[in-house]
């Protein structure tokens, strides 16, 4: 197998995953069928299941280890999708991936129940893999996702979220699922515990870098990233760009930024973006994200793998850092 073969293999596994999602989300309830058909029509990056596929491939000795791979990557994606439906309600989002959210098209109850349904399917599916160790990892990860949301809600008021607290939130909300995606892929292929833990460390650090760049793009991105710019600002969500800006600006500028942040209008959004340019916040965040990419690279060096897989992972890290992925 070479890099081209690996890419084809990933696409094949994702295709099977998407077919399974379409199949298992069909019900005899018209409303949820319509909702999920709408919601699932945009596939997104599917980065988490891709990581599961890659780490399974690293450790798979023979094709017999593939028996439950489709079920596992589907579980990972369904957990992620469920969190999006819940997050949109909590954050009062009206748009995601450049289209209206489920809660905007229907209502909050429908969005929450749809997320609950996807979670129930996810755990029903993974139990058929007959791996209690994997079920335990994914159950604990789901708990971390919820706790991360609680931590963010507790610190929603501007200036109440420190850099360390921000890291704690994104460690739970984003990095934990990245880490678990890599870890359970390795575990399904019967890696030893040490290699499974290293796989988690890789994914965790990758997830931190991913979220830092994602939060930056909320202020400096554009539609090519399939992201609604300004969501964090208009939701008054304190993320890394605002945290760093408040650390570096003058006291008078700080008051102006706080007032503008609370105003939640397009004029103040542009003003805050100008402050970020002045203080070179993009470069600061890129430096921080790069440090976590380096930690991910250090972790992956501890795993012996075929050069074509190592090349694929390195390419993924580079694209993620510059957010072309």
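Please find, among 205, 197, the residue that is closer than 19 Å to residue 164 by Cα, touching a residue at least 12 places away in the same chain (Cβ under 8 Å) and either assigned to a helix (DSSP H, G or I) or touching a helix residue (DSSP H, G or I) at 6+ places or on another chain (Cβ under 8 Å) (or both).
Values: 197 fails: closer than 19 Å to residue 164 by Cα.
Selected residue: 205, the only one of 205, 197 that is closer than 19 Å to residue 164 by Cα, touching a residue at least 12 places away in the same chain (Cβ under 8 Å) and either assigned to a helix (DSSP H, G or I) or touching a helix residue (DSSP H, G or I) at 6+ places or on another chain (Cβ under 8 Å) (or both).
Output the residues belonging to the stretch 244-281 that are under 28 Å from the mean Cα position of the chain (by Cα), in a loop (DSSP other than H, G, I, E, B) and over 13 Å from residue 230 (Cβ atoms).
279, 280
How many of the residues making up the stretch 269-286 are touching a helix residue (DSSP H, G or I) at 6+ places or on another chain (Cβ under 8 Å) and either exposed (fewer than 14 other Cβ atoms within 10 Å of the Cβ) or in contact (Cβ under 8 Å) with a residue 24 or more places away in the chain (or both)?
Here is the first cut: in the stretch 269-286, the ones touching a helix residue (DSSP H, G or I) at 6+ places or on another chain (Cβ under 8 Å) are 269, 271-273, 275-276, 279, 281-282, 284-286.
Remaining after also requiring either exposed (fewer than 14 other Cβ atoms within 10 Å of the Cβ) or in contact (Cβ under 8 Å) with a residue 24 or more places away in the chain (or both): 269, 272-273, 275-276, 279, 281-282, 284-286.
The total comes to 11.
With the requirement that a residue be surrounded by fewer than 17 Cβ atoms within 10 Å (Cβ to Cβ) and at negative phi, what does the stretch 179-196 give you? Talk me through it step by step, then tell me what you get.
Step one: of the stretch 179-196, the residues surrounded by fewer than 17 Cβ atoms within 10 Å (Cβ to Cβ) are 190, 192-194.
Scanning the stretch 179-196 gives 192, 193, 194.
Can residue 176 be described as in contact with a helix residue (DSSP H, G or I) (Cβ under 6 Å, 6 or more places away or on another chain), farther than 20 Å from residue 197 by Cβ, touching a residue at least 24 places away in the same chain (Cβ under 8 Å) and buried (at least 19 other Cβ atoms within 10 Å of the Cβ)?
Working: in contact with a helix residue (DSSP H, G or I) (Cβ under 6 Å, 6 or more places away or on another chain): yes; farther than 20 Å from residue 197 by Cβ: no; touching a residue at least 24 places away in the same chain (Cβ under 8 Å): yes; buried (at least 19 other Cβ atoms within 10 Å of the Cβ): yes.
Spelling it out, it is not the case that residue 176 is in contact with a helix residue (DSSP H, G or I) (Cβ under 6 Å, 6 or more places away or on another chain), farther than 20 Å from residue 197 by Cβ, touching a residue at least 24 places away in the same chain (Cβ under 8 Å) and buried (at least 19 other Cβ atoms within 10 Å of the Cβ).
A quick yes/no check of all residues on (1) touching a strand residue (DSSP E or B) at 6+ places or on another chain (Cβ under 6 Å); (2) within 17 Å of residue 321 (Cβ to Cβ); (3) buried (at least 17 other Cβ atoms within 10 Å of the Cβ); (4) at pLDDT below 95:
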{"site": "202", "(1), (2), (3), (4)": "no, yes, yes, no"}
{"site": "224", "(1), (2), (3), (4)": "no, yes, no, yes"}
{"site": "234", "(1), (2), (3), (4)": "no, no, yes, yes"}
{"site": "244", "(1), (2), (3), (4)": "no, no, yes, no"}
{"site": "288", "(1), (2), (3), (4)": "no, yes, yes, no"}
{"site": "291", "(1), (2), (3), (4)": "no, yes, no, no"}
{"site": "298", "(1), (2), (3), (4)": "no, yes, no, no"}
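Which one of these is at pLDDT 95 or above, surrounded by 16 or more Cβ atoms within 10 Å (Cβ to Cβ), part of a helix (DSSP H, G or I) and more than 20 Å from the chain's Cα centre (by Cα): 121, 110, 137? Give the steps one after another, and end with the answer.
Numbers: 121 fails: more than 20 Å from the chain's Cα centre (by Cα); 137 fails: more than 20 Å from the chain's Cα centre (by Cα).
From the options 121, 110, 137, the qualifying one is 110.
Would you confirm whether or not the stretch 293-306 contains a residue that is touching a helix residue (DSSP H, G or I) at 6+ places or on another chain (Cβ under 7 Å), more than 23 Å from residue 163 (Cβ to Cβ) and in a helix (DSSP H, G or I)?
Taking every residue of the stretch 293-306 in turn, at least one turns out to be touching a helix residue (DSSP H, G or I) at 6+ places or on another chain (Cβ under 7 Å), more than 23 Å from residue 163 (Cβ to Cβ) and in a helix (DSSP H, G or I).
What residue, among those in the stretch 10-52 that are assigned to a loop (DSSP other than H, G, I, E, B) and within 20 Å of the chain's Cα centre (by Cα), is surrounded by the most Cβ atoms within 10 Å (Cβ to Cβ)? Break it down into steps so the answer makes sense when it comes.
Filtering the stretch 10-52 down to residues assigned to a loop (DSSP other than H, G, I, E, B) leaves 25-29, 40-46.
With the extra rule that they be within 20 Å of the chain's Cα centre (by Cα), the set shrinks to 40-46.
Values: 40: 16, 41: 9, 42: 11, 43: 12, 44: 14, 45: 12, 46: 18.
Among those that are assigned to a loop (DSSP other than H, G, I, E, B) and within 20 Å of the chain's Cα centre (by Cα), it is 46.
The values are calculated or read from the model by the stated rules, or taken from the named source; none is laboratory data. Owing to the predicted nature of the structure, the values given are computational and were not obtained by experimental measurement. In this analysis, Cβ positions are derived from the backbone assuming ideal geometry, glycine residues included, and neighbour counts consider all displayed protein chains.
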